[in-house]
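First the structure, in the form of C-alpha cells, and then the observations on it.
Each reported figure results from applying straightforward, stated rules to the coordinates on display, with no laboratory input. None of the values given here were measured: they were computed from a predicted structure. Methodologically, a virtual Cβ is constructed for each residue, glycine included, from the backbone with ideal geometry; neighbour enumeration extends over all protein chains shown.
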C-alpha cells in the first residue's frame with residue numbers, strides 16, 4: 001500500500017516548540033489576535049486544567065490529567081526552519097504564554113522549571129541565538145517581555161509588532177489568578193505534556209497553501225443547531241414550514257446582533273433555564289459538547305411530551321428569548337440606557353451577566369419587564385463583584401462561579417419584578433462586605449484589571465455628574481490606550497527615609513487614593529506641581545487635584561456641593577503626602593457608595609443591613625480545595641493566629657482574622673493565602689500554602705502541612 005504524501009502527527013506543546021525553528025512566508029497575514037482571542041485561550045486552558053487539578057495532588061499525577069486539543073497547524077520544512085502556513089496566531093500566543101510562565105516560575109523560586117522552558121523560547125544554531133518563532137522585527141518586544149522590562153515601543157513599529165506588544169501586556173494582566181499561585185507548577189506540567197496540537201507537514205509552500213485552502217474552504221457538516229432543528233421540527237409533526245421560517249428568521253436576527261454562532265445562544269439558554277450545577281451533574285459538559293443530544297435525553301425536564309410542546313418550544317420559547325438574547329448581547333457590547341449595568345458587568349469579565357438574566361426572563365415579558373429584570377440583575381452582580389474587588393476577595397472563576405450558579409437557579413423561579421426584587425434584596429442582605437475596604441485597596445499583582453475598572457467607574461461618574469458625556473465606553477474598550485497613573489513618582493524619595501521604608505512607600509504609592517486613570521502620554525515629570533498642571537487638562541477626577549478646577553467648573557462644583565463632598569474633594573497642588581492619599585481614599589469610598597447604591601437598582605435599603613460586614617453568610621465551598629476558614633472550622637488554627645513567612649533573609653508577618661481572612665501589617669486583608677503572600681513579597685505569583693507558617697514564630701507549621709493533616713484525619717469533605 002502506498003504511503004500518504006501528507007503526514008500529520010500529534011504533538012504536545014513541549015514537542016512542538018522545543019528546539020524548533022519556525023518562520024513565516026512573506027504572504028502570511030500579520031499577527032492579528034485581539035485581546036478577546038487571547039483571553040478566550042487563557043480561559044479555555046484554565047477551565048480544562050482546573051477541572052482536573054486538586055491541591056492535594058502530586059505533580060506526577062498531572063500525567064493522568066485529561067488532554068486538551070488546540071487544533072492543527074500546517075507547515076513545510078526547509079533545511080533551516082519550518083515555515084508556518086496555518087496556525088501562527090495560536091503558536092505565537094502560546095510562545096508568549098510560555099515566556100510569561102517562565103517569569104512566574106522564577107518568582108516562585110522554581111528556577112529549574114523556569115530554565116527548562118528556555119528551549120521552547122529560543123535556541124542557538126551556528127553560534128546565533130534566536131527566538132523559536134524567528135521573526136526579527138519581533139525581537140525587541142520579546143526580549144523586553146522575557147525580562148519583564150517596562151519598555152515603550154519604537155514609533156516606527158509595524159502593526160504586527162504593536163499588536164504583539166499589546167497582547168503580551170494582556171497576558172500579564174489577564175493571566176488567570178487561579179493559575180499564578182499554588183497551581184502554577186502543576187499548570188506548567190499540564191500545559192507542556194497534556195495540551196496537544198496536530199502538526200501537518202506539507203511537501204512545499206504550494207502544497208501547504210493547498211492544504212490550508214482545503215481545510216478552510218470546503219463544505220461544512222451539519223452543526224448541532226441544524227441537528228436540533230431537525231429533531232424539534234420532526235417531533236412537532238405539523239406546521240413545519242412555518243416553524244422553519246421562524247427558525248431561519250431567528251438565526252438571521254442573532255447574526256445581525258453580534259452573536260458569533262447560533263450555538264452560542266442555544267447553549268446559553270439551556271444552561272440558564274435547565275442545567276443542574278451540582279458537582280455530580282454532567283449537564284454543562286454535555287450541553288457544551290452536543291446540546292442537541294442533551295435535549296433528546298432530557299425531554300421530560302424540558303416538558304417536551306407531545307407535538308404541541310415541540311412546536312411551542314420553538315415558537316413561544318426559543319424564538320422570543322433569542323430576541324432578548326440579541327438585545328443583551330448588544331447591551332454587553334455598548335452602553336444602552338437603561339441597562340448600562342449589563343455593559344459594566346460584561347466589561348469587568350469576572351461574571352457573565354447573561355445566564356442569570358436569561359434565567360429570570362419569561363418569553364412573554366414586556367419590554368419594560370425585560371429592561372427592569374436586566375437592570376436589577378446586572379446591577380446586583382456589579383455591586384457584589386465590586387465589593388469583592390475593594391475587599392480583596394478572591395475573584396477566581398472556580399470560586400465565583402458556584403455563587404452565580406446558585407443565584408441562577410433561584411432566579412428561575414422568581415415571580416415577576418416583585419419576586420425578583422425580594423430575592424435580590426435577600427441576596428444583598430447577605431453580602432459580607434461594605435465599601436470600607438476602599439480605605440485599604442491598592443494596585444497589586446493580579447488585580448490590575450479590577451483596579452482599572454473601579455477607577456474607570458469613579459472617573460466616569462464624576463464626569464457624568466458634572467454634566468459631561470459618559471466616557472465609560474472609552475475607558476473600558478480595548479483599543480483606547482488608558483493607563484493607571486501613580487501620583488507619587490516611581491523612585492523612593494531618600495529624604496523620607498526617616499519616616500518611611502521603601503516597602504511602605506511602595507504600598508502607599510499603589511493605594512487607590514494615589515491612582516488616577518489617564519490616557520497614555522509617555523513619562524510625566526516627577527515634580528508634583530508640574531504633574532498637577534498636566535492633570536488640570538485631564539478628566540475632572542484628576543483635575544480636582546488642581547486648585548483652579550473647582551472655581552472654573554461650575555457644574556463640577558455643583559456636584560461636589562450636591563453630595564456634600566467638599567471635605568474630601570480637596571485640591572493638592574504643592575505636595576501630595578500620606579495625608580493626601582488617605583483623604584483621597586475617603587473620597588473614593590464616598591464615590592463608590594454613591595455609584596453602587598442598592599436603591600438605584602430598586603432595592604429597598606430598609607431590607608439591607610447598613611453594615612454588611614456583620615452578616616455571616618453560609619460559605620459556598622468550591623468543588624475542591626481547602627481554605628483558611630476550613631482549618632478554623634476544623635480547630636487546627638484559630639482567629640488571631642500569627643502567620644510568618646521567610647524569604648531571602650527577610651521575615652514577613654500576617655494575622656488570621658475573623659472569617660478566615662489574612663491581614664497584612666499594612667491593614668490589607670485577603671481571603672487567599674497566596675494573594676496575601678504575593679502582596680507581602682510584591683511579586684506576581686506565590687504559593688502561600690508553602691510560604692506561611694502558623695505559630696508563635698517563623699518556625700511554626702506550614703499551612704500546607706496543616707491542610708494535609710486535616711485531610712488525612714478526615715476533617716475535610
query = For the peptides 281-290, 666-675, what is the packing order when you average, over each peptide's residues, the other Cβ atoms within 10 Å and list the highest mean first?
reply = 666-675, 281-290
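Based on Cα coordinates alone, diagonalise the gyration tensor for the stretch 437-607, multiply each eigenvalue by 5, take square roots, and list the semi-axes in whole Å, largest first.
Values: eigenvalues 133, 70, 60 Å².
Ellipsoid semi-axes (Å, largest first): 26, 19, 17.
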remark   = Checked the chain against the a/c 1.5 cut and the a/b vs b/c comparison, axes a ≥ b ≥ c from its Cα gyration tensor; verdict rounded
query = Can you give me the Cα centroid spacing of the stretch 98-120 and the stretch 651-699 in angstrom?
reply = 24 Å
inquiry  = Applying a 10 Å radius around every beta-carbon, put 152-158, 444-450 in order of their mean neighbour count, most first.
reply    = 444-450, 152-158
Per-peptide average of other Cβ atoms within 10 Å, ordering 132-144, 586-598, 562-574, 352-364 highest first = 352-364, 586-598, 132-144, 562-574
key: Gap separating the Cα centres of the stretch 287-330 and the stretch 230-245, nearest whole Å   = 13 Å
Considering only the chain, percent of DSSP beta bridges that pair antiparallel, nearest 5 = 75 percent
note = So, relative contact order of the chain in percent, Cα under 8 Å, 6 or more apart, is 12 percent
inquiry  = If you average the C-alpha positions of the stretch 359-434 and of the stretch 11-69 separately, how far apart do those two centres end up, in angstrom?
reply    = 33 Å
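What does the convex hull of the Cα atoms of the stretch 34-128 come to per residue, in Å³, rounded to a whole number?
Hull volume normalised by residue count: 155 Å³.
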ask   = P(r) for the stretch 1-160: what percent of alpha-carbon pairs falls in each 10 Å bin, starting at zero?
value = 8, 33, 38, 17, 4, 0
message = Quick check on the chain: helices-only [θ] at 222 nm, where DSSP H runs of length 4 and up contribute -39,500 (n - 2.57) each and the sum goes over total residues. Nearest 500, please.
response = -14500 deg cm²/dmol
